[in-house]
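Read the figures in this text as sums done on the coordinates, not as results from a lab. All values reported here derive from a predicted model rather than from experimental measurement. With ideal geometry, Cβ positions are generated from the backbone for all residues, glycine too; neighbour counts draw on all protein chains shown.
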Amino acid sequence: MNKIITIDGPSASGKGTLAILLADRLNWRILDSGALYRAFAYFSISEDDQRLIEQNLRKISFNIVDGSIQVLFENEDISMHLRTEETAIQASKISSLSSTREILLPIQRFFSETSNLIADGRDMGSVVFPDANLKFFLDAAPEVRAKRRHLELQKRGQEVNMHDLINDIVERDKKDRTRELSPLIKTEDSILLDSTNLDQESILSEALQHIKERNIL
Ligand code: C5P
């Protein structure tokens, strides 16, 4: 039986970075479930047929290169198309539809069939992998998360107004936390990590400490 560690939390809480660092350190496979929702939104721009979108989504894989995650579709790196705020907003909209979540559920679970897995998202510990060996819930204050997302977008050459970004993040969180299907929640059996005042290395060592204490490896 492969092992699974889940990391859930709101946007820009640092869960993606923690997932990359852990996957790298443990040499486990990574699942960026948000990227699958974004890819769903991205494919929906040019395709209406849900079966074809599903086929495309099955061809997605993830690669860690120089500390960043690449989303590959038929060996083409589509990460840049997925990381825009427009795609994120669209992904958030379609993520509340049961048809979207039903299509993505088996695709996400399949990632754990061939390897130990670090899975990050909103419902990894609550719905997709309820029996995960260890569950983290990563949170941070909205202003800190907006600042991080701002830096991230700037690095990619995208200029976004900070005020709009905070509003977007708060609005998207509200939708994710209050939606009927798979809302973002901290399950009772997950460990809360707050990254408001902690850098990546400190969060990583806290997570590794929990992994050691629980004898996960
Ligand atoms: O994490 P990321 O910002 O890439 O996720 C994009 C959107 O996909 C989120 O706003 C959320 O609504 C949705 N999502 C989800 N369930 C997941 C991962 C992401 O509903 N497990």
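Suppose R0 equals 25 Å; then what is the FRET efficiency for E152 and E102 from their Cβ-Cβ distance, rounded to the nearest 0.05?
0.25
Which of D48, D168, D123 moves the most in a Gaussian network model of the chain with Cα springs under 10 Å?
Evaluated over the chain, the most mobile residue of the options is D48.
Whole percent per 10 Å bin, from 0 to the bin with the longest distance: what is P(r) over all C-alpha pairs of segment 112-215?
All Cα pairs, binned at 10 Å, distribute as 13, 36, 36, 15, 1 percent.
Output the Kirkwood hydrodynamic radius of segment 1-95, Cα pairs only, in Å rounded to one decimal.
In segment 1-95 this quantity evaluates to 14.1 Å.
When M162, M124, M1 are ordered from fewest to most other Cβ atoms inside 10 Å of their Cβ, what list results? Display every interim value, and only then the final one.
Working: M162 12, M124 31, M1 7.
Fewest-to-most Cβ neighbours within 10 Å comes out as M1, M162, M124.
Each label point is 7 Å from the Cα along the Cα-to-Cβ direction; what then is the distance between the points at R51 and N215, in nm?
Calculated label separation equals 4.9 nm.
Rounded if a/c is under 1.5, else prolate if a/b is larger than b/c, else oblate: which is segment 49-143, with a ≥ b ≥ c the root eigenvalues of its Cα gyration tensor?
rounded
Could you give the length gained on full extension between M1 and M80, defined as 0.36 nm per residue of separation minus the Cα-Cα distance, in nm?
Stretched out fully, the M1 to M80 stretch lengthens by 25.0 nm.
May I ask you to derive the relative contact order of segment 126-194, considering only C-alpha pairs under 8 Å and at least 6 residues apart, and to give it as an integer percent?
52 percent
Taking the Cα-to-Cβ direction at V144 and at D199 and moving 7 Å from each Cα, how far apart do the two end points lie in nm?
Distance between the two pseudo-spin positions: 1.4 nm.
In whole Å, how far is the Cα centre of segment 153-217 from that of segment 13-31?
Each part's Cα centre sits 13 Å from the other's.
Based only on other Cβ atoms within 10 Å, what is the fewest-to-most ordering of D24, D8?
D24, D8
Go ahead and run the numbers for FRET between I89 and L26, Cβ-Cβ distance against an R0 of 35 Å, rounding to 0.05.
Efficiency, rounded to the nearest 0.05: 0.60.
What's the percent breakdown of Cα-Cα distances in the chain across 10 Å bins, shortest bin first?
Percent of Cα pairs in each bin: 8, 36, 40, 16, 1.
Can you give me the relative contact order of the chain as a percent, contacts being Cα pairs under 8 Å and 6 or more apart? Don't skip to the end; give the middle numbers.
Numbers: 312 pairs, mean separation 72.4, N = 217.
Worked out over the chain, it gives 33 percent.
Please rank H150, H210, fewest neighbouring Cβ atoms within 10 Å first, as an exposure proxy.
Values: H150 19, H210 14.
Result, fewest neighbours first: H210, H150.
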